[in-house]
Amino acid sequence: MVRAESLPIKVRGDTTTYNVQKFADGSEKVIKDLLRKLPGIQVSENGGISFKGKPIDKILLEGEEFFAKNYRLLSKNLSSNLLDKVEAIENTSDSPLLKGLDRSDKTILNLQLKPDHKRTLFGNADVAAGPPKLLDVRANAFSLIDRLKFGVIGAASNTGHNPVSGIEYDLGADQSDATQPTQSEMASRPLIQAPSISTPSLPLERTNFNRIGLGAINANVAFSPKVKLRAFNYGFSDRNTQTIARRNEYLLENTSLIVADTQRLRSDPRVATGQVELEFLPTPGTQWKWRSFLYSKTTPSLFSVVSQNPQRTEYLDQTTQETSIHWQHQLSYIHRIAANRAFTVDASYRLIKRPQHLLVASDRFVLLFPAVTQGVATNIGNENRGLGVQARWLQKFAHGQKTSLTLRHDDQLETFRSGIEGQPKNDQWQWLADSAFADSAFVNNALYHRRQVSAEGEYTVPLGNLDLSLSLAGRQVGISYTEATRGEQVKDIVTYVNPFMGLRWRVSEVSKLQVVYARNQMQSALTDLLGGNVLTNYRSFQRGTTRLNRPVDEVILANYSFVDWMQQFTLISNLTFSRTKSPFIDLLSVDDLFTRTQTGISSNPNDNLSAFTQVDKYLSSLQVNVRGILPAEWTTYQSQVNESPIQLNLVRTWQGTINGRTAFDGIFNAELGGEWVVSQLRDAQESIRQTRIIKPVVALKAKPSKAWYALLVYESVYWQNDIGQQSFHFLDGIVRYTPRKPNLTVELTAKNLLNGSSATFTQLTNYLVSQTTYQLLPRQVMIRLDFRF
């Protein structure tokens, strides 16, 4: 009897299929753990997934869309034991009616389940507990039966685990391929934001003192072959705390200034999101789709600081309230006129409200406002309304040429109001702008109106194994900015052309090459034009420039992939060069109490060159999976401190990662890997500051029987630069027992067995040496039960 062994990777056209059982070693818990081990797929620390160096668009479950672009809900919560195969599908279209007509560089992942889960209700419940009061719960249930397909996810944890990191979904986000940047139509960036609780070079779960709860539900209903409904809703709340000790040394032109503070942070984000999508197919060639989306996020935070500088020691408190409400409707119509022609119309309406509040209890502001002795408060009102209409014609000719013509009109209206209240000696809060001791330099009352009309033509021609795409987009943009308090007014109408060229070459059955050039001219956003100062935290003010700017981005991208599934060898390489002409830069003014940042415009460009190579190879003679990753980046940026000359700085970074995993059928397996990073900063005086990071990892795995599995992982971080060096060490372990009933697993888990308490990092810029100490999560030992059905 001859039995054919299934291959670990198969490539057919634009679809790469992975037999995931060939890459699993038993250490995986959820889908993202398994995806990390698949050649050509990268998973970032916050759960973002890329294929061949390009971010994916969404994840499908047996061809069904769940949670739209919020694929992290699946990848970070769905058990990896459910999977049979993973398909990476390139060049997909948003609608099947446009297949073969439009040029799309989007990539999706389709998860194929094991056969026994396709026709039944499936899921798992995972509960872990340990001293003192540690709890980690994850549960989900899915059904893909008949017309109603649904999924429910729930999670709660206070162990540092975050089941929803990185989720920021938006219907109005750029839907075009990433190789062709387009003019942003979104509201201005928020100026007051909750303090960031993250650490460099360490996973967030090492320092994330949290208490999070998540609930999510998705339902897809096919009322008939012509009418389908998709809806999802999720919400979560969290509480993050951290104590940070920071020492900042500002390298000023003739001296240095040292500011040290100890910060106790607490952030309590709460998010609720819902979307409803209704699809109607009156005829086989016609589609109507209506989508409504609501997103709400509130982040109150507390910030207690002990600040020290050569002149004084101060105890102060800061409270922030950041709110974002995003409501959007979208209606689209697609009509496939014939096999080679289609017509689409889209209309969307967007409303974004972002009120923000900042309160600082401190007497340091008496230097700016002599009558203020107790503290100040900043209130911001920011509202953005947008309306967009687009019509598109697509056609394919007899010899394979494709052409499209797109007409679009966008109208955006945004308001921004900010001011400062002060608490004088009589303890009565009052607006500084209305007081005798204030001026209008700390008030904004702005109206921003932007209209854009664009026409874009695109032509794609196949030349054997070569596809050539040419595009030309003409845009006319009108901007009107008015600030009522100071009487500032800016108006401008500009017409410009953005070209695009793309080349795809199927070098052979196993290799592809893509080269892209794109140019995009942008316009000033509202926050770039603000003339009044906005207090953004206890020591920082920020303002824009009342001068319009037209930055121009040019991008050249090359991507090469070689996937030989017979030799079990994968090579992916990306090279990207981008240049920003007339960039915005930061003009800083620093003293012992305040940092003032003003937006400036430079006549010199900023450049970025990045390279990325990943190699995966299975050495059958040694039964070892080997992975090597080599990223490198060169970036220039400009800044000015205390009216010194503008400096042009160069940051060079080289990284390397190598990882080897044995795949023996015996009792023991091992994994040995490491990562190194070298970062150099060169300033205008040609002085060089260098940072070096080394992160070795050793993992020992034992499987003495089908029922028992053990894992021991040692990880360390060595951090060295011109100021000093630090090292941190971690030891984690797992012992797992699976009884005869394979749907139940009992597990003993341990994290940070060496019980390290803090980690200190030193970061260098051309004007700042920052030394920061973060608190680490203490040792954790928990018993875990995982029930699968």
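At-a-glance table
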| quantity | calculated |
| --- | --- |
| Selection within the range 353-403 - modelled with pLDDT of 90 or more, small (G, A, S), open to solvent by 10 Å² or more (accessible area, probe 1.4 Å) and over 24 Å from I337 (Cα atoms) | G381 |
| Residue under evaluation V152, criteria (1) in a loop (DSSP other than H, G, I, E, B); (2) at pLDDT 80 or above, criterion not met | (1) |
| Residue in the range 641-654 that is least open to solvent (accessible area, probe 1.4 Å), counting only those that are more than 20 Å from S610 (Cβ to Cβ) and among the hydrophobic types (A, V, I, L, M, F, W, C) | V641 |
| Flag if Q638 is among the polar types (S, T, N, Q), touching a strand residue (DSSP E or B) at 6+ places or on another chain (Cβ under 8 Å), touching a residue at least 40 places away in the same chain (Cβ under 8 Å) and open to solvent by less than 40 Å² (accessible area, probe 1.4 Å) | yes |
| Verdict on N669 being over 29 Å from T199 (Cα atoms), in contact with a strand residue (DSSP E or B) (Cβ under 9 Å, 6 or more places away or on another chain) and not acidic (D, E) | yes |
| Test: residue in the range 491-510 that is part of a loop (DSSP other than H, G, I, E, B), within 26 Å of the chain's Cα centre (by Cα) and among the small types (G, A, S) | no |
| Positions within the range 560-584 being open to solvent by 30 Å² or more (accessible area, probe 1.4 Å), assigned to a loop (DSSP other than H, G, I, E, B) and under 22 Å from S639 (Cβ atoms), in sequence order | S582 |
| Which numbered condition V552 misses (of (1) at pLDDT 90 or above; (2) among the β-branched types (V, I, T); (3) under 30 Å from V443 (Cα atoms)) | (3) |
| A88 crowded, with 21+ Cβ neighbours inside 10 Å, of a type in the set (G, A, S) and over 17 Å from the mean Cα position of the chain (by Cα) | yes |
| Test: residue in the range 524-542 that is on the phi < 0 side of the Ramachandran plot, among the aliphatic types (A, V, I, L, M) and within 26 Å of the chain's Cα centre (by Cα) | yes |
| Matching option when the condition is within 30 Å of L466 (Cβ to Cβ), within 37 Å of the chain's Cα centre (by Cα), modelled with pLDDT of 95 or more and assigned to a strand (DSSP E or B), among R408, R336 | R408 |
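Results for (1) modelled with pLDDT under 90; (2) part of a loop (DSSP other than H, G, I, E, B); (3) touching a strand residue (DSSP E or B) at 6+ places or on another chain (Cβ under 6 Å), shown as yes or no for each residue.
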residue: V698; (1), (2), (3): no, no, yes
residue: I723; (1), (2), (3): yes, yes, yes
residue: R736; (1), (2), (3): no, no, yes
residue: R740; (1), (2), (3): yes, yes, no
residue: V746; (1), (2), (3): no, no, yes
residue: N755; (1), (2), (3): yes, yes, no
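The values are calculated or read from the model by the stated rules, or taken from the named source; none is laboratory data. In this text the structure is predicted, and so the values were computed from the model without any measurement. In this analysis, Cβ positions are derived from the backbone assuming ideal geometry, glycine residues included, and neighbour counts consider all displayed protein chains. Areas reflect the complete protein model, heavy atoms only, side chains present, ligands, DNA and RNA absent. Shrake-Rupley method; radii C 1.70, N 1.55, O 1.52, S 1.80 Å.
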